[in-house]
Amino acid sequence: MSNEQIFKSGKAVGKAEEKTDQMMDRAFSAASDAAKVTQQKGEQIKDKTKDVIESAKDKGAETKDDTSSLLHEKGEQAKGCIKSVRSNFSAMSQEARNESEQATGFLQETGEQVVSIASDAMESVKSTAIGAMETVKSTLGIGEADGSK
């Protein structure tokens, strides 16, 4: 094997390694970015859910105090207020459950996207490595004499 062939095969291997490293860095960066976004969205949804629950608790506590006073003063009017509060609390609880379900769906979808991106990156790296191997074989003339690869 001549020095030029050795040089060319070394150069091809170096390029393939560099390309593989670049692809792996991009895949890692994409996965890392997606994980950060997912975590941020999850935290935002978690915080909003806590706020809704706290608001519902506060509303419930306020209403309970108000209701006690109204029951003593106005009787039947207070019953209407209690019914209204229960309806509001139920709506807020349902809203919190809906947001929690949305967060779960978002997190699952984002996770699936991360897996897809990583899988695509791995396929690209594999394809690059196979191409580099074929280039090296071709450069060295391996597999040409007997027709095999």
Exercise for review: Filter region 16-36 for residues that are of a type in the set (A, V, I, L, M) and either surrounded by 14 or more Cβ atoms within 10 Å (Cβ to Cβ) or in contact with an Asp or Glu (Cβ under 6 Å, 6 or more places away or on another chain) (or both) and give the result.
Suggested key: Ala16, Met23, Met24, Ala27, Ala30, Ala31, Ala34
Review point. Quick one: which of Ala56, Ala27, Ala61 is over 29 Å from the mean Cα position of the chain (by Cα), modelled with pLDDT of 80 or more and either part of a helix (DSSP H, G or I) or within 30 Å of Glu134 (Cα to Cα) (or both)?
Key: Ala56
Check your understanding: What are the residues in region 114-129 that are surrounded by 15 or more Cβ atoms within 10 Å (Cβ to Cβ) and either touching a Phe, Trp or Tyr at 6+ places or on another chain (Cβ under 7 Å) or within 19 Å of Ser29 (Cβ to Cβ) (or both), if any?
Key -> Val114, Ile117, Ala118, Ala121, Ser124, Val125, Thr128
Point to revise | Positions within region 46-65 being of a type outside the set (S, T, N, Q) and open to solvent by less than 40 Å² (accessible area, probe 1.4 Å), in sequence order | key: Val52, Ala56, Gly60
Point to revise | Residue satisfying all of: in region 108-145; closer than 14 Å to Ser32 by Cα and among the aliphatic types (A, V, I, L, M); nearest to the chain's Cα centre (by Cα) among these | key: Val114
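The values are calculated or read from the model by the stated rules, or taken from the named source; none is laboratory data. Just so it is clear, the structure is predicted and the values come from calculations on it, not from any experiment. Here Cβ is always computed from backbone atoms with ideal geometry, including for glycine, and neighbour counts include all displayed protein chains. Quick note on the areas: whole protein, heavy atoms, side chains included, nothing else; ligands and nucleic acids left out. Shrake-Rupley method; radii C 1.70, N 1.55, O 1.52, S 1.80 Å.
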